[in-house]
């Protein structure tokens, strides 16, 4: 049985309570020592901010609720992230304004791992 990834577009908002600006930590699937393979790098969500005791506006909580650990980033503000490293991606985040739009694909990491078996 094949798993079909779900594609979603999410607007994330910069807030002062977030260490990295948007409440999401990013990772790529490449080994840090293997920079030669950065052309095939896949940027995905490592974790999402979840301190519900903080006073964040409702629209930020709604946006973060759509993002799941393991989601793969396909685009940032309409520009493909294919071949970018996490460092390049985070640099582009810093250059973005207070709102970013990301296109995510759910389940892609799981599908990729299952296809390797």
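The values are calculated or read from the model by the stated rules, or taken from the named source; none is laboratory data. A quick note: this is a predicted structure, and the numbers were derived from the prediction, not measured. All Cβ positions, glycine included, derive from the backbone under ideal geometry; neighbour counts span all protein chains shown.
Structure summary
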quantity	calculated
Which listed residue is within 20 Å of residue 92 (Cα to Cα) and at pLDDT below 90, from 11, 29	29
Region 73-108: number of residues that are part of a loop (DSSP other than H, G, I, E, B) and over 11 Å from the mean Cα position of the chain (by Cα)	10
Scope region 68-89; condition more than 19 Å from residue 8 (Cα to Cα), surrounded by 15 or more Cβ atoms within 10 Å (Cβ to Cβ) and either modelled with pLDDT under 90 or out of contact with any helix residue (DSSP H, G or I) (no Cβ under 9 Å at 6 or more places or on another chain) (or both); matching residues	86
Residue count for region 47-72, restricted to those that are part of a strand (DSSP E or B) and under 15 Å from residue 21 (Cβ atoms)	2
